[in-house]
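Trainee: Could you have a look at this structure, given as structure tokens, before my questions?
Every read-out reported here was derived from the displayed coordinates using simple, explicitly stated rules and does not represent laboratory data. Treat the numbers as computed from the prediction; the structure is a model and nothing was measured. A quick note on method: Cβ atoms are made from the backbone with ideal geometry, for glycine too, and the neighbour counts reach across all protein chains shown.
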Amino acid sequence: MPVVVGVILALLTAAAAVADESHGSPFSYADPQPQAYSLSARASTIDPRVQSHPEINFLLEKDGKPKDVQAAYVDTRVPPRGKLVVALTGGGPLFKLTKELGMHAIRVVYADGWFGRFNSGTPRDTWRGDIRLEAATGEDFSKLVDIPRPDGLMERSFQFVTWLAKNNPQGKWEYFIDQAGTGLNWEDVIVVGLSHGSTTAARFAQHKKLDRVLCFSGPRDQDQSWQKLPSATPSNRYFMFTGFDRGWESKHYCRSWELLGLHEHGPIVDVETTPPPYGNTRRLITSIEPAGSKIIHNAVAPSELGIKKDGPYVHEPVWRYMLTHPVDKVGEATPLDPDCQTQGK
């Protein structure tokens, strides 16, 4: 890359980062010793109603080790944004970034082990989306599974935040609990998922209005039609990022993106050739790995599997954009792609 172009791209990225962080704080911390907090607790300790579901390969313990440990992160040295990241995926890089951005974050364990248990002999239409919604809400949306509320994503998240409000008062977690004290203020929540998790995150966002939803290597469910259902979360609040893996080659991602209406907010943009804010689009890809790469499927998400170059993670600017870009700033609408298999589906 020519030196001048490289300098310009670096300046644009830095400017975008500054713009991201120009936000007002909805509340202030009263922490006598401001610091970064990392907390963890088992879901079964927080809420004795939770249980194992061996019928869908979801266990509280396996081989004598707990499988329901949940984690939380907040940095009271950083002015709060009043946003809670509920992570169905992610690792250190995600939570390092959320703390830097003044966001609260939790990693939630919920009944997601059903995937792969139901394939042949089941109706196509929306059945997999129905299971996803039951796993997310703990409500009876599917006849194929029986996931009670305490084991769904919503209640697990609420119970964990309630526990955090009591055990980490410095973090002001109660901000995210609704006035009735029965659930979370989901409009202040960002749900993040990868692959199977990203597909469930997108289905849940149709059901519950979120601040935004981040989908890495997804959504898929390519034989389903739930993607075109009405959405409580407006389409400009869906942010997608993937690579040229098998899901891309088979048109699974672009199909879901169009059914969700994301073509109304900008074209598909390669983050390796276009700097932030990526034309304000919601559809992001990377060409950094060859087509069909299995590595890139997980590497696009903010975790230790992300791609590094000379120290930092290559896609941190993308993750930052997805977490903070103003939802009212969108790109120009593009026509449907006839190769994305959306017509009549």
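Trainee: Can you put Tyr321, Tyr253 in order, fewest other beta carbons within 10 Å first?
Mentor: Listed from fewest to most nearby Cβ atoms, that is Tyr321, Tyr253.
Trainee: Arg42's amide H: which non-local residues (gap 5+, or another chain) put their own amide H closer than 5 Å, with H modeled 1.01 Å from N in plane and none for Pro or chain starts?
Mentor: Long-range HN contacts for Arg42: Gln70.
Trainee: Segment 90-147: which chymotrypsin sites (Phe, Trp or Tyr not before Pro) are DSSP loop and have at most 16 other beta-carbon atoms within 10 angstrom?
Mentor: Here the chymotrypsin sites (Phe, Trp or Tyr not before Pro) that fit, given the DSSP loop and packing criteria, are Phe118.
Trainee: Only loop residues by DSSP count here, and only those with at most 11 other Cβ atoms within 10 Å; note down the trypsin sites (Lys or Arg not before Pro) in segment 286-341 that meet that.
Mentor: Passing both the DSSP loop test and the Cβ count: Lys294, Lys309, Lys329.
Trainee: Now for a different question. Order of Cys254, Cys340 from fewest to most other C-beta atoms within 10 Å?
Mentor: Cys340, Cys254
Trainee: Hand me the GluC sites (Glu not before Pro) from segment 243-320 located in a DSSP loop with no more than 15 other Cβ atoms within 10 Å, in residue order please.
Mentor: Glu272, Glu304
Trainee: Report the Cys residues of the chain lacking a disulfide-compatible partner, meaning no second Cys Cβ under 4.7 Å from their Cβ.
Mentor: Cys215
Trainee: Distance cut-off 25 Å, Cα to Cα: go down the list Lys208/Lys329; Lys99/Lys172; Lys67/Lys251; Lys67/Lys96; Lys83/Lys294 and report the pairs above it.
Mentor: Over 25 Å apart, Cα to Cα: Lys67/Lys251; Lys83/Lys294.
Trainee: Give me a comma-separated list of calculated 3J(HN,Hα) values for segment 298-314, in order, Karplus coefficients 6.51, -1.76, 1.60 applied at θ = phi - 60°, integers in Hz, x for any Gly or Pro.
Mentor: 3J(HN,Hα) across segment 298-314, in whole Hz: 8, 6, 6, 7, x, 8, 5, 7, x, 7, 10, 8, 6, x, x, 6, 4.
Trainee: Mind checking which helices in the chain clear 20 Å along their axis (Cα) and have mean Kyte-Doolittle hydropathy of 0.5 or more, DSSP H runs only?
Mentor: Counting only whole DSSP H runs, the qualifying helices are 3-20.
Trainee: Follow-up question, since we're still on this one. Could you point to the residue in Ser303, Ala291, Ala202 farthest towards the positive end of the chain's charge dipole, with +1 and -1 charges on the Cβ of Lys/Arg and Asp/Glu respectively?
Mentor: It is Ser303, whose Cα lies furthest towards the positive end.
Trainee: Something else: Taking springs between alpha-carbon atoms closer than 10 angstrom, which of Asp130, Asp68, Asp31 fluctuates most in the Gaussian network model of the chain?
Mentor: In this elastic network of the chain, the residue with the biggest mean-square fluctuation among Asp130, Asp68, Asp31 is Asp31.
Trainee: In addition: Quick one: among Leu59, Leu259, Leu88, which has the greatest mean-square fluctuation in a GNM of the chain with alpha-carbon springs under 10 angstrom?
Mentor: Of Leu59, Leu259, Leu88, the most mobile in the Gaussian network model is Leu59.
Trainee: Another one. Name the most mobile residue of Asp63, Asp125, Asp47, meaning the one with the largest mean-square fluctuation, in a Gaussian network model of the chain with Cα contacts below 10 Å.
Mentor: Result: Asp63 has the largest fluctuation of those listed.
Trainee: I would also like to ask the following. Please name whichever of Trp248, Leu101, Ala111 sits farthest to the positive end of the charge dipole of segment 3-340, dipole taken about the Cα centre and charges placed at Cβ: Lys and Arg +1, Asp and Glu -1.
Mentor: Ala111
Trainee: Which residues' amide hydrogens lie under 5 Å from the amide hydrogen of Thr242, considering only partners 5 or more residues apart or on another chain, with H built in the peptide plane?
Mentor: So Thr242 has HN proximity to Ser217, Leu284, Ile285, Thr286.
Trainee: Can I ask one more? Whole Å is fine, so just give me how far the alpha carbon centre of segment 92-156 lies from that of segment 216-264.
Mentor: 17
Trainee: Oh, and also: Which order do Ser235, Ser25 fall in if you start with the one that has the fewest other Cβ atoms within 10 Å?
Mentor: Ser25, Ser235
Trainee: Taking the Cα centre of the chain as origin and charging only Cβ (+1 Lys, Arg; -1 Asp, Glu), how large is the dipole, in debye to the nearest 20?
Mentor: So the magnitude is around 260 debye.
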